[in-house]
Every structure is written in structure tokens, then in C-alpha cells.
Amino acid sequence: MSSSSALFQILYQNETLFRVGGSVVHEVLEEPIVVAPEIVKDPEIVQEPEPVAVVAATPPIVAKPVAQTPAIAPAPTLPSGDFPALLHSILILIDAAKQKDMAASESIFLDNILKAVGHSVEKADIVNYSFLKGADARKVLSEKKTNFFITFGVPLIKLHLDLLLMPYTPKLVDGVWFLLTDTLPVIEADRNLKKKLWQALQKMFEMS
């Protein structure tokens with residue numbers, strides 16, 4: 001997938017485009033013409049007409065709408081409690097107070113934008129800050145078990161990390177790339193922020 005096609009898919013993933021061309025032909029349903037058989041009149045034999053079969057008109061076929069986005073399960077988050085042990089090189093932090101896992105639409109959007117830069121949610125650890133009892137990430141990062149730390153709307157100060165980050169600007173600190181952005185719902189609703197996130201991720205993974 002080229003960079004331009006990947007960005008186009010991300011920006012317009014929730015919209016349906018229609019291509020109109022050709023001419024519209026109106027179908028006319030004509031009633032069949034039934035010709036009655038000729039009755040031969042004879043003084044002795046009267047031939048009765050043969051019965052004519054009546055063919056019912058074929059009912060119109062109504063096309064059922066096709067869902068644009070296949071239903072998939074939300075990307076699972078790591079177990080709640082203390083800051084969990086990491087399993088992958090990408091750590092993603094979200095903040096969803098009402099539910100532990102991401103909403104399906106957010107999971108699809110995040111997976112699409114990660115795939116556009118050569119990764120996916122299946123190869124990332126997703127942690128929900130609202131369900132953490134111990135939010136100290138210093139020990140986890142000191143163990144060098146992650147190479148990319150992407151936080152969606154969660155300031156690093158809440159994780160006891162004293163780092164100054166500019167939004168949508170990747171920064172390399174002690175061998176770990178950090179990226180601070182807005183929350184997923186905010187980015188998903190803003191086409192300009194989608195582009196900024198895609199450019200930031202592309203730059204971060206290319207420089208690593």
C-alpha cells in the first residue's frame with residue numbers, strides 16, 4: 001500500500017463514494033397478450049377452447065444494503081491492576097473511563113492507521129489508564145521492553161514520567177520513542193488530526 005493510498009483510506013474510511021455513469025433505462029412491464037383460440041362451430045360438434053395458462057409477473061428484486069465496515073471485536077487491553085508487563089515493542093495508552101476495552105470503531109480506526117505504517121493492534125500492548133491502580137511507568141520503561149510509547153490523551157506526568165513532549169511530534173528518550181496525541185475519538189472525528197497522526201507515526205517508525 002502506497003503512502004498516498006493509505007492516507008486516503010484513513011481520511012475517508014467512514015464515507016461512501018458513488019460513481020454515476022451511463023444512462024438509466026426504465027423497465028416497462030407489459031401485460032402478455034392472450035389470443036383466444038378460434039372456436040369452430042359445427043352443427044353437431046362444438047369444440048371448447050383450451051384453457052390458457054396465466055403466468056404471474058415476477059416480483060421485483062430489492063437489493064439489501066451491504067454493511068460498509070465488517071464487525072470486529074474491540075482490541076483487548078492488558079489486565080488491569082498495577083502497570084502490566086509488556087509483551088510487544090509498541091505500547092499504546094488510552095483513557096476510557098466507561099469501559100475497559102476500546103470501542104469497536106476506535107479499534108478499527110487505530111488498526112487501520114497502524115497498518116498504514118506497517119504495524120497493527122495485534123502487535124501492540126494497549127493499556128487503559130482509567131483501570132490502572134499503579135500508574136507508575138518508570139520501572140516498565142527502564143526495563144527496555146518497549147520501543148514505542150504512544151499516548152492518546154494521557155499526559156505523561158500521570159505516569160510519573162517527567163518528559164516535555166509537543167503533541168504529534170515524536171521524541172526519542174533513552175532508546176524509547178514517545179508520541180503524545182489527542183484522544184482517539186477526537187482524532188477520529190477530525191480529518192486534519194488524522195493526517196497529523198499518520199504523519200507523526202510514519203516519521204517515528206521511519207527514524208527508528
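Every number here is computed from the coordinates shown, using simple stated rules; none is lab data. This is a predicted model, so every value here is computed, not measured. Cβ coordinates were reconstructed from backbone atoms using ideal geometry, including for glycine residues, and neighbour counts include every protein chain displayed.
Determine, for each peptide in 171-177, 193-199, the mean count of other beta carbons within 10 angstrom over its residues, then list the peptides with the highest first. Don't skip to the answer; put the middle values down first.
On the way: 171-177: 13.9, 193-199: 18.6.
The densest-packed peptide leads the list: 193-199, 171-177.
Once you place label points 7 Å from the Cα toward the Cβ at Gln199 and Leu163, how far apart are they in nm?
2.2 nm
Among the listed pairs Lys115/Lys195; Lys115/Lys158; Lys98/Lys195, give every one whose C-alpha distance is greater than 20 Å. Write down the numbers at each step before the final one.
Numbers: Lys115/Lys195 14 Å; Lys115/Lys158 29 Å; Lys98/Lys195 27 Å.
Listed pairs above 20 Å: Lys115/Lys158; Lys98/Lys195.
Of the cross-linked pairs Lys144/Lys171; Lys139/Lys194; Lys145/Lys194; Lys139/Lys196, which ones have a Cα-Cα span greater than 20 Å in the structure shown? Don't skip to the end; give the middle numbers.
Details: Lys144/Lys171 16 Å; Lys139/Lys194 32 Å; Lys145/Lys194 28 Å; Lys139/Lys196 30 Å.
Table pairs above 20 Å Cα-Cα are Lys139/Lys194; Lys145/Lys194; Lys139/Lys196.
If a/c stays under 1.5 just call it rounded; otherwise compare a/b with b/c (prolate if a/b is bigger, oblate if not). Do that for the stretch 147-192, with a ≥ b ≥ c from the square roots of the Cα gyration tensor eigenvalues. Write down the numbers at each step before the final one.
Numbers: a/c = 2.47, a/b = 1.71, b/c = 1.45.
Since a/c reaches 1.5 and a/b is larger than b/c, the shape of the stretch 147-192 is classed as prolate.
Evaluate the charge dipole of the stretch 164-208 about its Cα centre and quote only its size in Debye, nearest 20, assuming +1 on the Cβ of each Lys and Arg and -1 on the Cβ of each Asp and Glu. Please report the intermediate quantities before stating the final value.
Working: 6 positive and 5 negative charges, 36 e Å.
The calculation lands at about 180 debye.
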